[in-house]
Amino acid sequence: MSTELPPSSIPLFPTVAKYREWRQKAFEENKSVGFVATMGALHEGHLSLVRRSLAQNDLTVLSIFVNPAQFAPHEDLATYPRTLPGDLALLEALAMYPGGITQDVRAQTGTFVEVKGFGHQMEGASRPTFFRGVATVVTKLFNAVQPTRAYFGQKDIQQAVLLRRLAQDLLLSHPEPRNVVIVPTARDPHTSLALSSRNAYLAPYERENVAPALYAALCAAEAAWGAGKPKADCVGCARAVVAAKEEEVGGAVEIRFDYIEMNDPETFDVVPDRVTRREWEQEDAERPVILSGAMWVGKTRLIDNIVLGDKSRLGIVD
Ligand code: PAF
């Protein structure tokens, strides 16, 4: 099948084979290659990853592929924002899963990658097949791109931590696990809303006045943790912020928490309800903890997180 790529001043590689020729030259010239994997609909958050890669590598590669394997059949694969012409999307799908791919996990055949024990909590509890789809496509992308470094956004913290673990467990050399870099979440400068391709689904009122409640809720939980409150109370403080917002909007927009939780970044285990920061850090000062949440605003599901404690231990570099 021959598909025309849109004209671009940036080199576009229509096939993995073509890309590999280019990568081989970079290997021979000893040039480092930074990699940013995306599903398109690029925004400032993606650009912050690209900038980081440009600053740290001789060359930078960005992939655009809306990966069906990480969407459940009832999710928004069909409406996920696509900003490249459909023929390019077809070509990408062809290159990634030559035999096509069904979203019905039981009917899938072939090789899939699962990071056991790390995909069922937090986001994985709401989206049980999501991380299997992500781990599989990113393994394929790492194999194809062979990057020196790869950059992922903190907004998807569980994904980023899980992919570092994947690089470690599979003894990857391109990238090495320490070169899976997590870049802090890019936020709207006025509302602090985490930038996300799915923000495109939000009506202006939802984006300006309702969606920012998620980050405000996380900040309230962070303050409570810092003040020595047990985890359950911190979560309660976050829920109170969203409840107040619900009251304010008075049913004009449906707001619903999917979850708000604190998890150990080593295991993703839930922090027990009665644990305070003092207990958490008893034997390990600045021991990190992931405070994360997901919230529905109308039909749009938003996620966000704050890493408390020493976030550099998770590979998050400011
Ligand atoms: O974060 C994303 O956009 C996707 O999960 C990724 C890493 C590109 C895999 O499809």
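The values are calculated or read from the model by the stated rules, or taken from the named source; none is laboratory data. These numbers were taken from a predicted model, which means no experiment stands behind them. Ideal geometry is used to build each Cβ from the backbone, glycine not excepted, and the neighbour counts take in all protein chains shown. Just so you know, the surface numbers come from the protein's heavy atoms only, side chains and all, with ligands and any DNA or RNA stripped out. Shrake-Rupley method; radii C 1.70, N 1.55, O 1.52, S 1.80 Å.
Listed values, structure above:
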{"quantity": "Farthest toward positive dipole pole in the stretch 227-305 [+1 Lys/Arg, -1 Asp/Glu at C-beta], among 271, 250, 305", "calculated": "250"}
{"quantity": "Sequence of 112, 130 when ordered by accessible area, the most exposed leading, probe 1.4 angstrom", "calculated": "112, 130"}
{"quantity": "Sorted peptide list for 38-44, 302-308, criterion being average Cβ within 10 angstrom, highest first", "calculated": "302-308, 38-44"}
{"quantity": "Equivalent ellipsoid dimensions for the stretch 162-283 as semi-axes, Å, which come from the Cα gyration tensor, largest first", "calculated": "30, 23, 12"}
{"quantity": "Dmax and Rg, reported as Rg then Dmax, of the chain (C-alpha, Å)", "calculated": "20.1, 62"}
{"quantity": "With all protein chains modelled, accessible area of residue 225 [1.4 Å, Å²]", "calculated": "10 Å²"}
{"quantity": "Max mean-square fluctuation residue, GNM over the chain, Cα-Cα springs under 10 Å, options 107, 26, 17", "calculated": "107"}
{"quantity": "MRE, 222 nm, helices only [DSSP H, n ≥ 4, -39500 (n - 2.57), over the chain, to nearest 500]", "calculated": "-10500 deg cm²/dmol"}
{"quantity": "Cα-based Lys proximity count in the chain, under 24 Å, for pairs eight or more positions apart or on separate chains", "calculated": "17"}
{"quantity": "Share of carbon and sulfur in the accessible heavy-atom surface of the chain [1.4 Å probe, %]", "calculated": "53 percent"}
{"quantity": "Probe 1.4 Å, accessible area per residue of the stretch 151-198, Å²", "calculated": "40 Å²"}
